[in-house]
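The values are calculated or read from the model by the stated rules, or taken from the named source; none is laboratory data. On a predicted model such as this, the values are computed, not experimentally measured, just so you know. Reconstructed Cβ throughout: ideal geometry from the backbone, glycine too, with neighbour counts over all protein chains shown. To get the accessible areas, we keep the full protein, side chains included, count just its heavy atoms, and leave off ligands, DNA and RNA. Shrake-Rupley method; radii C 1.70, N 1.55, O 1.52, S 1.80 Å.
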Amino acid sequence: MSHIVGKSAYKSLEERINKFPQGAPPSKTLYKILSLLFSEKEAAYVAKLPIRPFTVKAAAKAWKTDEVKAMKLLERLAGRALLLDMDNNGTRQFMLPPPMAGFFEFSMMRIRNDIDQKLLGELFYQYLNVEEDFVKELFLSTETRLGRVFVQEGVLTNENEVQILDFERASHIIKSSPHIGISTCYCRHKMHHVGRACDAPMDICMTFGNAAASLIKYNYARRVDASEGIELLHQAYESNLVQCGENVREDVTFICNCCGCCCEAMIAAKKFGMLHPVQTTNYIPKINDSTCVKCGKCVKACPIGAIEIQTDEQGIKTMKVNEEICLGCGVCVRNCHKKSIILNRRKEKIITPVNSVHRTVLMAIEKGQLQNLIFDNQAFGSHRAMAAVLSAILKLPPIKQAMASDQMKSVYLEKLITMNKK
């Protein structure tokens, strides 16, 4: 397989990653990160792989080698959590995950000695927290967000408890998942290596479904049952951590339990709050001024600084929620010992993509990359995969369908959309 190495392998890998919505802006720091995670040959091999799930046969064809050799390399990469190794209805498939939520995080989700995690943590900090291009691309480049916040269920009123939908409940995600994996928090682990970590729980990062099964198989996560998952969720509640998971209604693959000081989503929410880098819950806190004692506990507890104490000219204090940036997580409600804060349903309706295919198509349309998603033979080498993308397009609102058709310049897609309207 040595014939694959030629052009700069890391450049080829970066170009491959950036054909899809969750890319990684090129920089010297990114290439240093990739060189720590992949050997030059591995980077060249992975650059030839599909982004969507593929079989060993597809990998062997891409690499022009036999399936035995291809399987050895695929398992070696999956063993370092650079690929996911999944069972898809009895068919073994592999997948190159995006950088985030994906192989960036997986690299720090357990303590390991095969790479220099201190150096890696320092590089991640430089790339994500200092340079910021990646964070802006990840959280702000599309209208459809990668992540969404889950409300802390225990603080809901009886009325809201009745109205809340299953996909809005972190507890439902945990109870309904066939595989639950618990790992070290990537964000706090990274911050530990640059001397900025807080004392929030570390062993509390949650993955689900096939992603969890792969991480468990290669010891990047430990398997837990639903009851332990719920216990950890309540531990996260008690630690004032915000639940931020994949922005889909079905088959959620991760829920991070985020602090305001270390976690990328919360840091982005503080820096770019009015741009809503993560999708809010359907709730907004309301403060009862007549019972509020202005103790400031909610101010200290809010992970993104969305609540402040304001003092007027007469010295009268009032509590103010900045609804433009508030996540609606409910942490403030939990910390109000006077029960002066309740959550109300937001007036605007928040639309959550159905699944990861739906979300990916939306993000690709919004970034002008739909043609990559459709026509990249490596990414979608089967009629089934193509059908899944086209099905997602046909379910979009008319404006999004028009954008998709314009990007595709495809008579076939135009006819499909026209037929779908009849």
Using a Förster distance of 51 angstrom, determine the FRET efficiency expected from the C-beta separation of Met71 and Glu122, and round it to 0.05.
0.90
So what's the convex hull volume per residue for the Cα atoms of the stretch 82-202, in Å³?
168
May I have the count of lysine pairs in the stretch 52-147 with C-alpha atoms under 16 Å apart, counting pairs 8 or more residues apart or located on different chains?
5
Whole-percent carbon and sulfur contribution to the accessible surface of the stretch 240-360 (1.4 Å, no ligands, DNA or RNA) stands at 50
Too long at a 31 Å Cα-Cα cut-off: which of Lys300/Lys400; Lys19/Lys41; Lys347/Lys367?
Lys300/Lys400
State in Å² the accessible area per residue of the chain; use a 1.4 Å probe, count heavy atoms of protein chains only, and round to the nearest integer.
46
Less than 16 Å from a label point 7 Å out along the Cα-to-Cβ axis of Asp166: which backbone N atoms in the stretch 248-270 qualify, by residue?
248-253
Between Val252 and residues 5 or more places away or on another chain, the pairs with built amide H atoms under 5 Å apart involve none
Rounded to the nearest 10 Å², what accessible area does Ser171 have for a 1.4 Å probe in the complete protein model?
20
Ranked by accessible surface with a 1.4 Å probe, highest first, in what order do Glu137, Glu14 come?
Glu137, Glu14
When the chain is treated as a GNM, springs tying every alpha-carbon pair under 10 Å, which of His358, His189, His337 comes out with the largest mean-square fluctuation?
His337
Partners for Lys317 among aspartates and glutamates (Cα-Cα distance below 13 Å; same-chain residues under 8 apart left out)
Asp289, Glu308
Within a Cβ distance under 13 Å of Ile309, other residues only, what is the Lys/Arg minus Asp/Glu net charge?
+2
Student exercise, the chain dipole from Lys, Arg, Asp, Glu Cβ charges, in Debye to nearest 20
740
So which residue, out of Gln401, Gln163, Gln152, gets the largest mean-square fluctuation from a GNM of the chain using Cα contacts under 10 Å as springs?
Gln163
On a 0 to 90° scale, report how tilted helix 226-238 is relative to the longest principal axis of the chain, with both axes built from alpha carbons and the result rounded to the nearest 10.
50
Residues of the stretch 318-340 with amide nitrogen under 13 Å from the 7 Å Cα-to-Cβ point of Ile309?
318-320
Using the beta-carbon distance between Lys338 and Arg223 and R0 = 45 Å, what value does 1/(1 + (r/R0)^6) give for FRET efficiency, to the nearest 0.05?
0.65
